[in-house]
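Comments concern the structure below.
Read-outs: derived from the displayed coordinates by stated rules, not from any lab. What you see is a predicted model, and the numbers here were worked out from it, not measured in a lab. Here the Cβ positions follow ideal geometry from the backbone for every residue, glycine too, while neighbour counts run over all protein chains shown.
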Amino acid sequence: MAETIYLKAMTVRDHTDIDMIKKDIKMGMILIVRVGPMAQRDLQGLRKLVDELYAAARTEGADIARLGEERILVTPAIVQIWKPQYDLK
């Protein structure tokens, strides 16, 4: 039987949430991270959090992408996010 993969949706309130997110990435969860509320209060803090999130995803071989303006999707290495390639010619 295949290993169970969990999907977790969460809202980031501040930078202290990054440790929990990193732990979930290591556990191989699919994450939908809502960052809208933090973007309204602390744009610099959000930029730092997103940089750390991308670094953590790369370290674990996870894939990461934006879902609109307020959400970020992180998937474990066995799940790849389809990202369209635009021809800029």
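Run GLY28 past the list (1) in contact with a Leu (Cβ under 8 Å, 6 or more places away or on another chain); (2) at positive phi and report the number of the one that doesn't hold.
For GLY28, the exception is condition (1).
Just to be sure I understand the filter: pairs with C-beta atoms under 9 Å, separated by 6 or more residues or on different chains, first member in the stretch 29-54 and basic (Lys, Arg), second member assigned to a helix (DSSP H, G or I). Which pairs pass?
Filtered contacts from the stretch 29-54: LYS48/HIS15; LYS48/ILE18.
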